[in-house]
Amino acid sequence: MKDMMQYKGYFGSAHYSDEDAVFHGKIEFVRSLVTYEGSTIKGLQKSFKEAVNDYLKMCADEGTEPEESFKGSFNVRTGSELHRLAVLAAKERGTNLNQIVTEALEKHLKKTGRTSISHR
């Protein structure tokens with residue numbers, strides 16, 4: 001993924017500020033604000049990994065569960081007509097709306113070349 005790093009299941013952004021002459025980023029896809037910076041690419045990568053480790057240690061020290069980047073559930077706003085059609089299609093197939101949405105996403109991602117979908 002462009003402009004992203006990955007470590008222990010977390011994704012971090014990578015940006016450059018010409019004004020400050022520093023690389024910077026934050027852990028993406030979690031509500032907590034965890035930032036890091038470095039003066040080189042290697043420094044940014046090291047700082048990102050340290051930020052993830054510090055975040056996980058802080059959660060452990062506080063006895064809280066660290067946020068997962070992707071929990072497997074999200075809200076989708078489709079509009080009432082598409083919602084109605086999808087629920088009716090699910091009912092006709094003897095399945096549920098979650099399965100209809102999951103299959104549609106898998107089909108779309110397969111067409112776009114994202115084929116490494118693993119079910120837990």
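The values are calculated or read from the model by the stated rules, or taken from the named source; none is laboratory data. Everything quoted here is computed from the prediction, not taken from an experiment. Cβ sites come from the backbone with ideal geometry, for glycine too, and all protein chains shown count toward neighbours.
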(message) Condition first: closer than 22 Å to E68 by Cα, in contact with a strand residue (DSSP E or B) (Cβ under 9 Å, 6 or more places away or on another chain) and not polar (S, T, N, Q). Now tell me which residues in the stretch 18-36 satisfy that.
(response) H24, G25, K26, I27, E28, F29, V30, L33, V34, Y36
(request) Would you mind finding the one in E62, E28, E50, E19 that is modelled with pLDDT of 95 or more and closer than 24 Å to R114 by Cα? (result) E28
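Might you check whether a residue that is on the phi > 0 side of the Ramachandran plot and either part of a helix (DSSP H, G or I) or in contact (Cβ under 8 Å) with a residue 12 or more places away in the chain (or both) occurs anywhere in the stretch 91-109?
No: zero hits.
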(request) Test T95 against the criterion of being among the polar types (S, T, N, Q), farther than 27 Å from D3 by Cα and surrounded by 13 or more Cβ atoms within 10 Å (Cβ to Cβ), and give yes or no. (result) yes
